[in-house]
Amino acid sequence: MKRTVRIAVAAILVVLIAATAATLYFLRVVGTEGTTPLEAWIGGQLKSVAQSHLNVTIDFDKPDYQYPATIVVENIRLSAPDPASPGKAIDIIRIAKATLIVAQIPEVGQPLHVQRIILDSPQFSFICTSKDDATLIGFSNLVKTDSTAPAVEPDPDLPASPAKVTDVFRMRTLHITGGQIFYDPRDPDERAMTLDGINMALNVEPDAEGWYKLQTKIDRLPVGEIDMNGRFNLNDNELDLTELKMMVNLGGENNAKLPPQMQRFLADHDLRGRLSATAGGRIRFADWRSAALNLSVNLEDGNITFGDYQLPIAQLSILAAMAKEQIILRGFDLRALGGGLRASGHMKLNETLDASITVEGESLRIHRLLKASADGQGQAEGLPFRGVATLKVNLTGPLATPATQMAGSGQLILKEARLLNIPGLSAIEDAIAGTNKANAKRKEPGANDYLYMLVTFRGDRMLVDRFDYRSTLVAVRATGHLVLPTLMMDLMANGGPIEKVQSLLGPVGDLTALVTDRVAKYHITGRVGEPKVKTIIAEGIFDKIFGN
């Protein structure tokens, strides 16, 4: 019995001693926030990783290690130099609090193995270098490469950094609560944008090569949602996107849940509809021009307003890709105005942005454009035009200087038309008909005008190779050119009253030139929208009469 008591007393003493030792060890290792050697090692390890692998500087409050596997870091700031303000830096990322869950109890001298991160109220600031330079400060070269110079000299007081980021960050999950994205183009003509209320969870699974599997869903219904599946390589800063799906409902009360800047844009253009998009491919951000990406966009039951007019969109489909350092428009199909508009082409990602595009449209009833203030009934009679248009345009040239180096051709046919108050054309009709043609044409039933236009683009000019116009009042043919940078035109037109043309030629409209060329000429100059028309009566007709 006494022996049993002694054994029990000894066991209790051992437990007390062990508990006391554990408590002393815990106080020595954990202690208060940021005061222990282990916490100092953790802070140094995080800074060392950032300094060795990122082209930004990082600062934060002293870490708080909470036994056994939690590290809390507050007031994190990642900053990069601002090229617009030498000597000053911009915080590109600010995080109120980051909670790091490690895979094993950290030890001084051993790398951390972070497998879960929770970010509270992170702010990501995407700021362009300048109005003319769209590279993002800090993000365009965030991860160091062999050709990237170090942002700062290594700190000898910090522990040596692991060779790979994945030696430290072996993440399984990343949670963001209350996130915010700020984008500033640094253009006085464009508004900065702030997108807040971002809550998301990333489920990531790393492999031996540094790839993290990404699977997440961002849900902001009824505004929209985003689903993403893919993987990201932290070591190479490379994204392999299996599929990205996005759906956004634009218009109405949904717009109130979007950033103020986006709300203003949507309101200014009355942009509405159900927008969906899918994307996939691979991009290495250090060499983004060599990315291989596919994009599909679809807009249904849409609407957009530009200037004084409103365009209802039945459906818009876009198929695009990025490959071999160029953007390829594989398909653009717009169903609107009772017809269709198609386009295809490509643009090289070089300094001049060399591009080629083909646009075709058919059965486009242009009078179905609504006045922006219309009540939805069309108000077609109030428009200065109507008709059914067919068009085709082929253009090549550098988009960096489109108004001076374009090449190509274009064709426009307008049938069942009525054109009122069109500058230049209106003045010729008034001169030929000897009356106010707008009032005269409004008295005519139906829409019987016809227009055929054939042009060539060459350098800084659009050459008008052929311009045939017939209305209930006159017939006009013209040739000339338009200087694209200044929109100054120089056209020579022949025209005559349609009554005289019909009396001499009957219904054979293609022979209109035989009469119009002998009746009168009109020299049209000046800027588009403010033309000057000079009448040249019966030029050369007397020479022909007298045989000279």
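The values are calculated or read from the model by the stated rules, or taken from the named source; none is laboratory data. All values derive from a computational prediction rather than experimental measurement. Because the Cβ atoms are built from the backbone with ideal geometry, glycine has one as well, and the counts that use them run over all protein chains shown. Ligands, DNA and RNA are excluded from the accessible area calculation, which covers all protein heavy atoms including side chains. Shrake-Rupley method; radii C 1.70, N 1.55, O 1.52, S 1.80 Å.
Odds and ends about this structure:
- Theoretical FRET efficiency, 1/(1+(r/R0)^6), r = Cβ-Cβ of TYR67 and ASP227, R0 30 Å, to 0.05: 0.20
- Solvent exposure of the stretch 262-381 as accessible area per residue, Å², 1.4 Å probe: 56 Å²
- Cα-Cα P(r), the stretch 33-118, percent of pairs per 10 Å interval: 17, 47, 26, 9, 1
- Rounded percent of accessible protein surface that carbon and sulfur make up, the stretch 221-309, 1.4 Å probe: 54 percent
- Cross-link check: pairs LYS47/LYS97; LYS131/LYS213; LYS97/LYS217; LYS47/LYS245; LYS131/LYS348; LYS88/LYS131 evaluated at a Cα-Cα cut-off of 27 Å; pairs beyond the cut-off: LYS131/LYS213; LYS47/LYS245.
- The stretch 461-473 - phi-based ³J(HN,Hα) in whole Hz, Karplus 6.51/-1.76/1.60, Gly and Pro as x: 10, 10, 7, 8, 6, 7, 9, 10, 9, 9, 10, 6, 10
- Sequence-ordered 3J(HN,Hα) estimates for the stretch 402-416 from the Karplus curve with 6.51, -1.76 and 1.60 and θ = phi - 60° stand at x, 7, 10, 9, 8, 9, x, 8, x, 9, 9, 10, 10, 10, 6 Hz, glycine and proline given as x.
- Here the simple spin-label model places points 7 Å from the Cα toward Cβ, and for SER363 and ALA40 these points are separated by 8.0 nm.
- For q = 0.11, 0.14, 0.19 Å⁻¹, Debye-computed log10 I/I(0) when each Cα of the stretch 185-334 counts as one equal scatterer: -0.56, -0.90, -1.34
- Förster radius 22 Å - calculated FRET efficiency between THR352 and LYS324 (Cβ-Cβ, nearest 0.05): 0.85
- With DNA, RNA and ligands ignored, accessible area of PHE265 (1.4 Å probe; Å², nearest 10): 100 Å²
- When the convex hull of its Cα atoms is projected in every direction, mean area for the stretch 454-500 (nm²): 3.4 nm²
- Kirkwood Rh and Cα Rg combined as Rg/Rh, the stretch 253-338: 1.07
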